[in-house]
Amino acid sequence: MNIIFLGPPGAGKGTLAQLLMKEKGIPQISTGDMLRQAMKAGTEMGLSAKRYIDAGELVPDEVVIGIVKDRLQAEDCKGGYILDGFPRTVKQAEALGQFARIDVALNIALDDEVIIRRLGGRRVCLKCGGTYHTSTLNGREDCPACGEKLVQRKDDAPETVKNRLSVYAAQTAPLIDYYQNLGLLKTVQCEPHATVDENYAKVQKTLGIA
Ligand code: AMP
């Protein structure tokens, strides 16, 4: 199954996509993770993407389209894949349609206030990739999995989060209609206090794999 996870930043796409990846044995392809890796490795593409990411703006379409097109050629994508954070513009969706056959676009929906709270408290581990929320860390500042000091992503700072949400509304939300018109859209409405397991159960049900 070739799946797109749509939805605003902080809706939980990455976490839910990882659970689905484990269950179905298909790769999660996160353009955000790939861009951050390129930044960390100091590649030319990573360095040019950095200023967009740090400002909460979208990296130019040509760059991300190229990354995804290459990635989908890999052997591990033959049995299906989960696109997490791509496409984010209609231009990206149109390009994707030229080189991939999508089965379903899953819209992970969550209210803005919850997103702002969630991203404000998000802490990540740059060593093992773990993601946590301050509300569950009980004041702890190191990674519960590997002991590394946790950090806040630069683009999770309050002003940047506001910008990311308005970029989402202007450039990515139109994809909901786009995939609706193609008959590929399904929506999972996440409730503010639902656990990851509860939200994942909804994903399974909506995809018909429960
Ligand atoms: P994410 O981890 O998915 O929230 O992505 C973090 C940042 O990476 C975004 O705010 C964008 O700057 C950039 N990014 C990730 N995916 C895309 C995409 N499909 N198109 C453009 N920029 C992207």
Is one or more of the residues making up region 149-171 more than 16 Å from the ligand (Cβ to nearest atom), touching a strand residue (DSSP E or B) at 6+ places or on another chain (Cβ under 8 Å) and outside any helix (DSSP H, G or I)?
yes
Out of the residues in region 146-170 meeting the condition of being in contact (Cβ under 8 Å) with a residue 60 or more places away in the chain and of a type in the set (S, T, N, Q), tell me which one is surrounded by the most Cβ atoms within 10 Å (Cβ to Cβ).
Thr160
If I ask for residues that are surrounded by 14 or more Cβ atoms within 10 Å (Cβ to Cβ) and among the β-branched types (Val, Ile, Thr), which ones from region 171-210 would you list?
Thr172, Ile176, Thr187, Val188, Val203, Thr206
Just checking: which of the helices (runs of 4 or more DSSP H) contained wholly in region 1-113 hold 2 or more residues that are within 9 Å of the ligand (Cβ to nearest atom) and touching a residue at least 24 places away in the same chain (Cβ under 8 Å)?
13-24, 31-41, 44-55, 61-71
Verdict on Gly121 being among the small types (Gly, Ala, Ser), under 22 Å from Tyr200 (Cβ atoms) and at pLDDT below 95:
yes
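The values are calculated or read from the model by the stated rules, or taken from the named source; none is laboratory data. On a predicted model such as this, the values are computed, not experimentally measured, just so you know. For neighbour counting, all protein chains shown are included, and Cβ atoms are generated from backbone atoms with ideal geometry for every residue, glycine included.
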